[in-house]
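The values are calculated or read from the model by the stated rules, or taken from the named source; none is laboratory data. These numbers were taken from a predicted model, which means no experiment stands behind them. Ideal geometry is used to build each Cβ from the backbone, glycine not excepted, and the neighbour counts take in all protein chains shown. Note: areas computed on protein heavy atoms with side chains; ligands, DNA, RNA excluded. Shrake-Rupley method; radii C 1.70, N 1.55, O 1.52, S 1.80 Å.
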Amino acid sequence: MRRMLAISDIHGDLDKFERLLELVNYNDQEDQLLLLGDYVDRGPHSRAVLDRVIELREKGAIALIGNHEKMMMEAFRADSMSVKRWFYNGGIKTLQNYGYFIEKDDAKYWYTTEEMPNLLQMNKEIRPHIEALKDFPYYYETDTHIFVHAGVHPETPLESTDPHLLVWIREEFHNGYTGHKTVVFGHTPTKYLHKSNEVYFGKNNIVGIDGGCAYGGRLYCLDATNSQIYYVD
């Protein structure tokens, strides 16, 4: 059986991502790599991480949308509230990776709501990534597993679930899921699930793999075929 290697919430940390791929000895001819979203924001190299994700996807990896990619795409609709949401969640650092000069690089020192859309005229550096993200799916399902960024709605068929829930849901999924397929997800750092930075294996058949890389924590890889765990600090 091919290894199914799941990684989530890289958040611009290219160094950890590359070290983790090396640690697991990833082979695109023999393994199925599943990237569960949140490639951008907060870390120093969001653009480079997304370049690498797109390269891996072209060689067979499955790359899903996370809430940070969804915010990134929505911000370019010139909607002030979408820009505001993204800035609050680390979007300023990502924009700086793409050559945007944003003087106020701390969201606490905000531009006015009226100014925000004017900051986000799509430049030629970011446009290819925005276009590429439009083709990323929100989940991947096998006979035994569901891979998704945040989780699934306990009472809604997966195929008809609002994509917003798939990248933002938390407690309702964590506490309410009762399905027979194992759900592998990121989004919520594991320390909030069981007060530990270790991978979270829930009693209700859910596996949380966000080790808090965005905050200096671990970047995990789970081999879903045998529950083997790899990580880098």
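Numbers below:
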read-out: Three-way shape call for the stretch 124-233 based on the alpha-carbon gyration tensor, with the a/c threshold at 1.5; value: oblate
read-out: Percent antiparallel among DSSP beta bridges (both partners in the chain, rounded to 5); value: 50 percent
read-out: Rounded to the nearest 10 Å², the accessible area of ASP13 at probe 1.4 Å; value: 30 Å²
read-out: Count, lysine Cα pairs under 22 Å in the chain, 8 or more residues apart or across chains; value: 21
read-out: Given 10 as the ceiling on other Cβ atoms within 10 Å, longest exposed-site-free region of the chain for GluC sites (Glu not before Pro) in DSSP loops; value: 156-233
read-out: Gain upon complete extension [GLU74, ASP162; 0.36 nm per residue less C-alpha separation]; value: 30.1 nm
read-out: Coil-residue trypsin sites (Lys or Arg not before Pro) of the stretch 23-67, DSSP, other Cβ within 10 Å capped at 15; value: LYS59
read-out: Normalised contact order of the chain, rounded percent, pairs of Cα under 8 Å and 6 or more residues apart; value: 23 percent
read-out: Inter-part distance where the stretch 135-180 and the stretch 183-211 are each reduced to a Cα centre, Å; value: 14 Å
read-out: Contour excess over end-to-end distance, with Cα ends at THR144 and MET122 and 0.36 nm allotted per residue; value: 3.9 nm
read-out: Full-extension gain in nm, GLU30 to LYS181, via 0.36 nm per residue minus C-alpha separation; value: 52.0 nm
read-out: Distance (nanometres) between label positions extended 7 Å along Cα→Cβ at LYS59 and TYR215; value: 3.3 nm
